[in-house]
Amino acid sequence: MEYAIQARDLSKSYGEGHSQVDALKDISMAVQPGELFAIMGPSGSGKTTLLMILGLVTEPSEGSVLLEGKSIYEGKRFDLQRLRREKIGFIFQFSNLIPFLTAKENVLLSLELVDIVGRQADKRATELLAYLEVANRADNLPEQLSGGERQRVAVARALANNPAIILADEPTAALDTERGLSVMRLLRKVSKEQGTAILVVTHDTRMISEVDGVIHLMDGRMVEDSDSQRQLQSQNGR
Amino acid sequence: MNLAIKDIRYHLFKFISSTVGVGLILMVVLTIGGIIRGIILDSSTIIDATGADLWVVQKDWLGPFVEISRLPEDYYHAIQSMHGVDEVSPLVMAWDHIERPMRPTPLMKFMYMNTVIGTRTMVQPGWMDMPHDLRFIVIGYEPGHLGGPPVIVAGRGIEASHYEIVADVKTGLEPGEHIRLGDFDYTVVGLTKNIVGYTADPVIYATLNDAQNILLEADPDLLRNIRRRTQQQLLSAATLDPRLSGPLANHASQIAENVSFVNAVAVKVQPGVSVEMVAREIARWKHLTVYTSAREVNMQLMGSNRLILLQLSLFRLILLIIAGVVIGLITYTFTLDKLKEIAVLKLLGTQTRRIYSMILQQAVLMGLLGTLLGAALEFASEPYFPRRVVATRGDVVQMLIVISVIAFLASIMAIPAGHESRPAQRARHIRRRTDGVRDSSEGPV
């Protein structure tokens, strides 16, 4: 099966000469559709940098990123904004829903970005909100929702464009354990039922029970990937 | 989905308060422009209302508005007969005043006291109760000829040859009211409107003879003195028979007293005839000075009113710059407040042009609504100014264009902050806004 996302020998450095700092060094990994992986590590270990590189937000200093088998930074230049819009879904720590849009409009916006509008968009948004059990909050603004409800809407928004991969940056950090686990189970459910690859950055080791694999980072290096057999090294690709 | 409108609805109070701020600033800018235009219009009102093409005055004098010219009244008969002249009218005009009790409003008291306190010319206690001089310009004309009131808004025009006047509404006089001017009482028979001199003093119209009595009649004591001196000079002439010198002296002084003067002669040129040519002819024939109406207006604007116009224009320029900066900053900060939303929109893959469009729509809408509000407030407040304030639709259109450009530029300046070139900074920005955690993309901690 083709990987949803794959990283080969990713490195990211900031600065030059003596002041150069390596944020990431030789990271290789891959996630298949329907898998849920966690990226863990202490603060400053490079988790978010890796997430941003995989999300095509930051360009790596070295190495390559393959999205559904296509190498993003080698050869043909892709419209990264469009790829993000069509292939990637983002979930943030505090959901970061657009505050002036209702729950449904937040989902509709994501659909509009991939040119799905009108009844089709309305139907899809309603279905997604129902799937995530927040249909009754469709017309509420984010500020009128609880933390858990906001994250569910954020997941619905991330799913709206049928992305190949969802990148979640500490989606449970602002929630208590019970709600955090609820969100992780929801992501688990989404990955299995929708066939979406999901990468979750988290500090919380209690969430490990819900994931298929863990990528451990320490000082920008990958130190362990205990479950996954697909940890890739060096130039040997798959 | 129009993001701009949805955002405005969500931040309605903020948008309205910012728009009101913009509107108030623009109101001040428009008002200063209106004050300047008011001064310019005041300088040309009498001239325009008279409808004359040329103004004939005493040789080498800048009359009749900025210097007091005097020329014999009967000159106008000769000018009337000249080629190309359609109509002439001898005019008398000068400032005069009457004492009237003042009716200060609380606002006037406040403004005045705030102006004079701390200066060396502080007004003495009780100044508000002191008699107040109502200053005005008396214009004497021959009814039916050039120089009369262009419009009567109350009462009627002058019909009798004596003791009737028409006053501008700004004098505060009412039809039927009697006032004493010179040695006689005059009845206000009608009111005209917006006829003021370049000093904004209102005009009172009288017949030519009455105006001559009011403005040019010498003091009786002075006349007696002149008559006595004339007689003494004639009596002292050695060659004159003493029996004749007395009656001759009396007659000579009466002749001198009976010469009537006017301040200017207004001339209307026949259609198709060169105004300049007629002006040259009059000036050559009688050794008089002749000005076109445009030159008369210019004399006031660039003479008497030059410094105040320059002062106000400079102030307007400074105000425009300040307004531009303030409005730019309001727009800029309004955009900066949306950095988080912009960052999320960018991460979701929203097209850059759509984000630009949202910000620009809001900025331009704020500018447009602010300008319209400022214009409405300015127009509403115009009647309450003591001097004429005239802002035009053209001013508002100009302001709309300028403010739209400023709002556009301010947004363009703010957008890079919400649309930082490195997308990772956007993600980092979201994290900083939310949890304050330092992101590893800044380098390991």
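Among the residues of this structure, B:G63 does not count as one that is surrounded by fewer than 20 Cβ atoms within 10 Å (Cβ to Cβ) and in the same structural domain as B:K193 (by TED's automatic domain parsing). On inspection, B:G349 qualifies as within 14 Å of chain A (Cβ to nearest Cβ) and either assigned to a helix (DSSP H, G or I) or within 25 Å of A:Q81 (Cα to Cα) (or both). For the subset of region A:156-177 comprising residues that are within 10 Å of chain B (Cβ to nearest Cβ) and in a helix (DSSP H, G or I), which member is farthest from A:L97 (Cα to Cα)? Checked region A:156-177; the qualifying residue farthest from A:L97 (Cα to Cα) is A:A158.
How many residues are at pLDDT 70 or above and aliphatic (A, V, I, L, M) if we restrict to region B:245-278? The number of residues fulfilling the criteria is 11.
For region A:189-196, the condition holds for at least one residue, the condition being that it is in a loop (DSSP other than H, G, I, E, B), under 14 Å from the mean Cα position of the chain (by Cα) and surrounded by 16 or more Cβ atoms within 10 Å (Cβ to Cβ). The residues listed here are A:R188, A:R179; of these, the one that is more than 18 Å from A:L50 (Cα to Cα) and modelled with pLDDT of 85 or more is A:R188.
Looking across B:L320, B:L339, one residue alone is surrounded by fewer than 20 Cβ atoms within 10 Å (Cβ to Cβ), among the aliphatic types (A, V, I, L, M) and more than 14 Å from every other protein chain (Cβ to nearest Cβ). It is B:L320.
Give B:L71, B:L26 a once-over and let me know the one that is touching a helix residue (DSSP H, G or I) at 6+ places or on another chain (Cβ under 8 Å), farther than 30 Å from A:S110 by Cα and of a type in the set (A, V, I, L, M, F, W, C). Spell out the reasoning first.
Working: B:L71 fails: touching a helix residue (DSSP H, G or I) at 6+ places or on another chain (Cβ under 8 Å).
Unique residue meeting the criteria: B:L26.
Looking only at residues that are buried (at least 16 other Cβ atoms within 10 Å of the Cβ) and among the aliphatic types (A, V, I, L, M) in region A:125-143, which one is modelled with the lowest pLDDT? My answer is A:L132. Go through the residues of region A:105-125 one by one and say whether even a single one is within 11 Å of another protein chain (Cβ to nearest Cβ), under 29 Å from A:T202 (Cβ atoms) and among the charged types (D, E, K, R). The answer is yes, given that some residue of region A:105-125 is within 11 Å of another protein chain (Cβ to nearest Cβ), under 29 Å from A:T202 (Cβ atoms) and among the charged types (D, E, K, R).
Answer with yes or no whether B:M358 is hydrophobic (A, V, I, L, M, F, W, C), surrounded by 22 or more Cβ atoms within 10 Å (Cβ to Cβ), in contact with a helix residue (DSSP H, G or I) (Cβ under 8 Å, 6 or more places away or on another chain) and closer than 22 Å to B:D395 by Cβ. Steps first, please.
Working: hydrophobic (A, V, I, L, M, F, W, C): yes; surrounded by 22 or more Cβ atoms within 10 Å (Cβ to Cβ): yes; in contact with a helix residue (DSSP H, G or I) (Cβ under 8 Å, 6 or more places away or on another chain): yes; closer than 22 Å to B:D395 by Cβ: no.
Judged against the criteria, B:M358 is not a match.
The values are calculated or read from the model by the stated rules, or taken from the named source; none is laboratory data. Not measured: the values here are computed from a predicted model. Positions of Cβ are generated from backbone atoms using ideal geometry, with glycine treated the same way; all protein chains shown enter the neighbour counts.
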